[in-house]
Amino acid sequence: MAQSPSDYNRTAQARGLPALHPDALAHSGRVAAHLRAAVRAAGGWLPFDEFMRLALYAPGLGYYTAGSAKLDPGDARTPAGDFTTAPELTPLFGQALARQVAQVLAATGTDTVLEFGAGSGALAESVLAALAARGMAVRYQILEVSADLRQRQQARLAPFDGQVAWLDSQPAAFEGCVLANEVLDAMPVRLFAWHAPDRLCERGVVLDAQEDFAWEERPADDTLADAVAARMPALPGYASEVNLQAEAWMRELGGWLVRGAALLIDYGFPQREYYHPQRAGGTLMCHLRHHAHADPFVAPGLQDITAHVDFTAMADAALAGGLDVLGYTSQARLLSNAGLIELLAQHDPAQARDYARWAGPVHRLLSEAEMGELFKALAVGRGIDPPLLGFARGDRRDAL
Ligand SMILES: C[S@@+](CC[C@H](N)C(=O)[O-])C[C@H]1O[C@@H](n2cnc3c(N)ncnc32)[C@H](O)[C@@H]1O
């Protein structure tokens, strides 16, 4: 029989996982049943990207589409969610990005921002407030696939009534500035494994004799084989992932971004580093109540599943969509160039407790040991000339 909710809590501690509330586990049981049905409907083998899509986005069930807390401000004493993101840590992140947004809007003579995957609405709130402080009353659009998060965004952004609108699909044509923080990493990935120079397999999900989820590999189809061959030589024993959905998203961006720039921030690397021989297990990660681990079969529907972003593939897809690549750099560089340190300096170091509240998150955003180097920013666009403010120093496009 498949693992029951009480089985989870009995074994969680030994596996280094948090104990979970029975209601949450009951929900996870429903998500698991949905996933099992999908495996059976697929003939017994479900490609991993489809498993990930359902676990994260199945309507009313998936991690992003049902009501769990997900994001929190990263205060270790009271973690309510599973992970934290830069805009959750401090409004200074959004205030710095607002300077970059303002430059794009001024350079293109437009007044609209479109944010993808706005999470709790924290980034929108800080960008809108910072632009208002500069006397800019922009139109702010949000495209959010999660109905649950969309509701939370609507409640949080109610003070900006009249300025914010939610879209149901990508616009046919858009002029302005596009933002997406930690969205590409949340798109479903296909998993591959090399077994011999001429044997590339795709990892999928089956049900074992106990009806638990298990891995099974099949020969890769031509689409996956071509994508992998374009990234790395055959390397038996090597397993990783490709994010073809994110690439398609970037190509489509070229179809509707008529004028302006898109700023994509996420954790990841250029292709050479991503598919480095030493990264032989790929980058798939799960986040459950601030526990990071690599097993996507744990507590389906209750944990985030994510993979790092191959920024070379994203830049190539943007070029294929007819866009220019305007800049690529680390998050630390982007934020420093956009004036994060000056924004922090507006707070008085003599007020020690208040200053620490601002300085701590800024340190996390900039530190090489934390988010400063692992996170990167890629800017692509059309009808706009570099240098963009955030990439004026330390642009690394040549590394892509
Ligand atoms: C890791 S969360 C990041 C949330 C927020 N941007 C932040 O930084 O706090 C990923 C977000 O992307 C959304 N998302 C995933 N795929 C998407 C897509 N194709 N279009 C729009 N939103 C998407 C999720 O629902 C969620 O809001």
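Read the figures in this text as sums done on the coordinates, not as results from a lab. All figures in this text were calculated on a predicted structure; none of them were measured in a lab. Note: ideal-geometry Cβ built from the backbone for every residue, glycine included; neighbour counts use all protein chains shown.
Couplings 3J(HN,Hα) of segment 314-322, computed from phi: 5, 5, 4, 5, 5, 4, 5, x, x Hz, in residue order, whole Hz [Karplus 6.51 cos²θ - 1.76 cosθ + 1.60, θ = phi - 60°; x for Gly and Pro]. Computed over segment 108-254, the Cα gyration tensor eigenvalues convert (square root of 5λ each) into semi-axes of 41, 19, 12 Å, ordered from largest to smallest.
Every Cα-Cα pair in segment 290-364 was counted, and those over 15 Å apart are 73% of them. Dipole check for the chain: with +1 at the C-beta of Lys and Arg, -1 at the C-beta of Asp and Glu, and the Cα centre as origin, the magnitude is about 520 Debye. Taking only Cα atoms, what is the 0 to 90° angle, nearest 10, from helix 22-41's long axis to the longest principal axis of the chain? Computed tilt is about 70 degrees.
In sequence order, segment 330-346 has phi-based couplings of 6, 4, 4, 5, 4, 6, 5, 4, 8, x, 4, 5, 5, 5, 5, 5, 6 Hz under the Karplus curve 6.51 cos²θ - 1.76 cosθ + 1.60, θ = phi - 60°, and Gly or Pro positions carry x. Bridge orientation summary for the chain: considering DSSP beta bridges with both residues in this region, about 60 percent are antiparallel.
Give me a comma-separated list of calculated 3J(HN,Hα) values for segment 241-252, in order, Karplus coefficients 6.51, -1.76, 1.60 applied at θ = phi - 60°, integers in Hz, x for any Gly or Pro. Karplus values, whole Hz, x for Gly and Pro: 9, 10, 10, 5, 5, 5, 5, 4, 4, 5, 4, 4.
Build a GNM of the chain with springs between Cα atoms under 10 Å apart, and of Gln13, Gln151, Gln331 the one that fluctuates most is Gln13. Seen from every direction in turn and averaged, the convex hull around the alpha carbons of the chain projects onto 20.2 nm².
Taking amide H positions as modeled 1.01 Å from N, with prolines and chain starts lacking one, the residues under 5 Å from Gly282 and 5 or more places away or on another chain are Ala239.
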